[in-house]
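Enquirer: Can you read through this structure? Questions will come right after.
The values are calculated or read from the model by the stated rules, or taken from the named source; none is laboratory data. Quick caveat: nothing in here was measured; it's all calculated off a predicted structure. Every residue, glycine as well, gets a Cβ built from its backbone with ideal geometry; the counts of neighbours run over all protein chains shown. With ligands, DNA and RNA removed, areas are computed over all heavy atoms of the protein, side chains included. Shrake-Rupley method; radii C 1.70, N 1.55, O 1.52, S 1.80 Å.
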Amino acid sequence: DAGVIQSPRHEVTEMGQEVTLRCKPISGHDYLFWYRQTMMRGLELLIYFNNNVPIDDSGMPEDRFSAKMPNASFSTLKIQPSEPRDSAVYFCASSSSQRDIPEQYFGPGTRLTVT
Amino acid sequence: RKEVEQDPGPFNVPEGATVAFNCTYSNSASQSFFWYRQDCRKEPKLLMSVYSSGNEDGRFTAQLNRASQYISLLIRDSKLSDSATYLCVVRHNTDKLIFGTGTRLQVFP
């Protein structure tokens, strides 16, 4: 079975540009999570969805960040305009409410560098 | 203060050694506890859940002390392949997981 798929794997962009990160969760999973990881702050939850509906976006740093989940197999995280402090690894993860243990399966991440 | 605190390490240990990591959490309402493992430049993966009575999975033993709000992970007979960052994770009565910043382990020959 395919795991969580993220694209692109690496993104280098200039300050002020729009960045769109993409995620395809594991088929059948009803939860999708977006995280950001930096050396200083570790892994931080940005937003999560249940059945394509955003449940908690309290971790989204500011209005420059937005996330959508138009269907059960696709989600995007957009940063507009990007800033150097947005440089980080962005992970998408999915999980199923049908499992006893709420294990989250992570994608390989998108390494974002904003210059 | 972070909700989940871990010693960042690194812990440098020889093959065959026993090593223990500790983690404290601040929210007494936390309900579930886990250890995740993250290899360098890779994604985190679930290592094991942590149960109140303590649990073992091969060379790995996890313990929970709710009164002290303390979680531990013990690795016996360390292997080179155990080198990674170990993330302590707690869950409240929601679907959110709160990750510690991780403890780095380096096992040398």
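Enquirer: I want to make sure I understand the PRE zone here: with the label point 7 angstrom from the Cα of residue A:17 toward its beta carbon, which residues in segment A:46-66 have backbone N atoms less than 20 Å away?
Expert: A:64-66
Enquirer: Next up: So between residue A:100 and residue A:44, what do we pick up on full extension, going 0.36 nm a residue minus the alpha carbon distance?
Expert: Here the answer is 17.8 nm.
Enquirer: How large is the direction-averaged shadow of the alpha-carbon convex hull of chain B, in nm²?
Expert: 6.7
Enquirer: Another question about this same structure. Take peptide B:43-51, look around each residue's Cβ out to 10 angstrom, count Cβ atoms belonging to other protein chains, and average those counts.
Expert: Partner-chain Cβ atoms within 10 Å, mean over residues of B:43-51: 4.
Enquirer: Right, here's the next one. Please report how far the C-alpha centroid of segment A:11-90 lies from that of segment B:49-109, rounded to the nearest whole angstrom.
Expert: Their Cα centres are 27 Å away from one another.
Enquirer: If you don't mind, another one. Can you tell me how much longer the chain between residue B:80 and residue B:20 gets when fully stretched, taken as 0.36 nm per residue apart minus their C-alpha distance, in nm with one decimal?
Expert: Length difference between fully extended and current span is 20.0 nm.
Enquirer: Hey, in chain B, which Cys have no second cysteine's beta-carbon closer than 4.7 Å?
Expert: B:40
Enquirer: At 1.4 Å probe size, with every protein chain present, just tell me what the per residue accessible area of chain B comes to in Å².
Expert: The answer is 49 Å² per residue.
Enquirer: While we're looking at this one, here's another question. Counting only protein heavy atoms and rolling a 1.4 Å probe, how much accessible area do B and A lose on contact, total for both sides, in Å² to 100?
Expert: Its buried surface, counting both partners, is about 1600 Å².
Enquirer: Calculate what fraction, in whole %, of the accessible area of the protein assembly as shown sits on carbon and sulfur atoms when a 1.4 Å probe is rolled over the protein chains.
Expert: Ligands and nucleic acids excluded, carbon and sulfur reach 47 percent.
Enquirer: I'd like the trypsin sites (Lys or Arg not before Pro) in segment A:1-102 restricted to DSSP loop residues with at most 11 other Cβ atoms within 10 Å, sorted by number.
Expert: Passing both the DSSP loop test and the Cβ count: A:9, A:41, A:99.
Enquirer: Work the Kirkwood hydrodynamic radius out for the protein assembly as shown: mean of 1/r over every pair of different alpha-carbon atoms, inverted, in Å.
Expert: By the Kirkwood definition, the hydrodynamic radius is 18.2 Å.
Enquirer: When Cβ neighbours within 10 Å are restricted to other protein chains, what is their mean count per residue of peptide A:41-51?
Expert: 3
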